[in-house]
Amino acid sequence: MTAEGFARATDGILASVGTVIDGKPDAVRSALVCFLAEGHLLIEDVPGVGKTMLARALAASVDATVRRIQFTPDLLPGDVTGVSVFNPVDREFEFKPGAIFANIVIADEINRSSPKTQSALLEAMEEGQVTVDGRTHPLPQPFLVVATQNPLEMEGTYALPEAQRDRFMMRISMGYPDPRSEALMLRQRDAVNPLDALVPVATGRQVSALVAFARAVHVAPALEDYAVALSAATRSHADLRLGASPRATLQLVRAAKVWAALDGRDFVIPDDVTALLVPVFAHRLIPTRSAGGARSRGGADAVTTILERIASSVRVPIASRQ
């Protein structure tokens, strides 16, 4: 596959999802970046803005299996991973897979479940497998978790722990549609569900080829040092009490590779890294109390401001002329 072929294939996927998600090209692009970079996506917003629809549209466009888990306070870890059930005929326990066994898993309202149930996703998101009763079961590949999260000020929510947030490659917000897109939605969806009209534009084999091409996108050593410098700046910043983890640095570079390939390039440039800095880093960082706190909209805005300042202060590598 060439860079031009990658761009053509992904343009088809973006166009297909865009027929369902009106006026949100940035959110659609971010979801595809996470999918092809082998990461996971956290969408934080109020109910009813199309978070679940985005994940379903992506699954329908790439011929992938999709399962939806509605997280509630009484959901158990076994409902997510699966359980071992005794078979009286064979007189042995059989593993019954849970809803996590799919290419794209929609974890709807993930912060409405208890931390114990949330932790059932940790191994699956990091290692692509689940362990039940001492036996390990691999998950289908490619594997993407698209989790939706309600704002913490809404009733009945549990804050995601730091380890859980760190496993999401990106966090985005859908936001409300613009008036034109909302009016178009009213006219088009009164009698038909746009998901029903979607047909796959990429097979599973093509998706695997896209993932393999993205892995091979070139990242110059100077750009790797640039990503490390950005991470190091968050760890030493006076207004942050928790900086970016090494996992965050790794996922920033992986996402930048896909971002570059979507633009038809087989190499990463500094703009690819800085464009993804906020969506990849912001949800992992915790500001100090004096900077706005961690559990408020003000805290999220403070982290965004800090990251913008870091991006402007860290030296950007410049290609040397031969």
Close pairs (7 angstrom Cβ cut-off, 6 or more residues apart or separate chains): farther than 30 Å from residue 127 by Cβ in the range 21-48, acidic (Asp, Glu) anywhere: 23/178
Residues of the range 169-182 that turn out to be open to solvent by 40 Å² or more (accessible area, probe 1.4 Å) and outside any loop (DSSP other than H, G, I, E, B), as a count: 4
Which listed residue is part of a helix (DSSP H, G or I), under 21 Å from the mean Cα position of the chain (by Cα) and within 24 Å of residue 59 (Cβ to Cβ), from 212, 202: 212
Among (1) more than 17 Å from the chain's Cα centre (by Cα); (2) open to solvent by 10 Å² or more (accessible area, probe 1.4 Å); (3) over 19 Å from residue 126 (Cα atoms), the one test that residue 287 misses: (2)
Qualifying residues in the range 243-262 (those that are of a type outside the set (Lys, Arg) and out of contact with any helix residue (DSSP H, G or I) (no Cβ under 7 Å at 6 or more places or on another chain)) - the one surrounded by the most Cβ atoms within 10 Å (Cβ to Cβ): 250
Output for the range 155-193, where each listed residue is in contact with a helix residue (DSSP H, G or I) (Cβ under 9 Å, 6 or more places away or on another chain), modelled with pLDDT under 75 and not hydroxyl-bearing (Ser, Thr, Tyr): 156, 188
Number of positions in the range 31-57 that are open to solvent by less than 20 Å² (accessible area, probe 1.4 Å), in a helix (DSSP H, G or I) and farther than 23 Å from residue 179 by Cβ: 7
Evaluation of residue 90 against (1) outside any helix (DSSP H, G or I); (2) touching a Lys or Arg at 6+ places or on another chain (Cβ under 8 Å) (one fails), failing number: (2)
Tabulated pairs, the range 216-245, first at pLDDT below 90, second open to solvent by 40 Å² or more (accessible area, probe 1.4 Å) and part of a loop (DSSP other than H, G, I, E, B), C-beta under 8 angstrom, 6+ apart or interchain: 243/236; 243/237
Failed item in (1) open to solvent by 20 Å² or more (accessible area, probe 1.4 Å); (2) of a type in the set (Gly, Ala, Ser); (3) part of a loop (DSSP other than H, G, I, E, B), with residue 60 passing the rest: (3)
Long-range neighbours under 9 Å by Cβ, at least six apart or interchain, first residue closer than 17 Å to residue 103 by Cβ within the range 117-131, second at pLDDT 90 or above and of a type in the set (Phe, Trp, Tyr): 125/168; 130/101
Search result, residues across the range 132-156 that are open to solvent by 40 Å² or more (accessible area, probe 1.4 Å) and more than 16 Å from residue 76 (Cβ to Cβ): 134, 135, 136, 138, 140, 141, 152, 153, 154, 155, 156
Residue among 95, 101 that alone is within 30 Å of residue 36 (Cα to Cα), in a loop (DSSP other than H, G, I, E, B) and either open to solvent by 40 Å² or more (accessible area, probe 1.4 Å) or of a type in the set (D, E, K, R) (or both): 101
Total residues in the range 271-281, condition part of a helix (DSSP H, G or I), within 13 Å of residue 249 (Cα to Cα) and open to solvent by less than 10 Å² (accessible area, probe 1.4 Å): 4
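The values are calculated or read from the model by the stated rules, or taken from the named source; none is laboratory data. In this text the structure is predicted, and so the values were computed from the model without any measurement. When we count neighbours, we look across all protein chains shown, and the Cβ atoms used for this are built from the backbone with ideal geometry, even at glycine. For the accessible areas, the whole protein counts, side chains as well, though only heavy atoms, and no ligand, DNA or RNA atoms are used. Shrake-Rupley method; radii C 1.70, N 1.55, O 1.52, S 1.80 Å.
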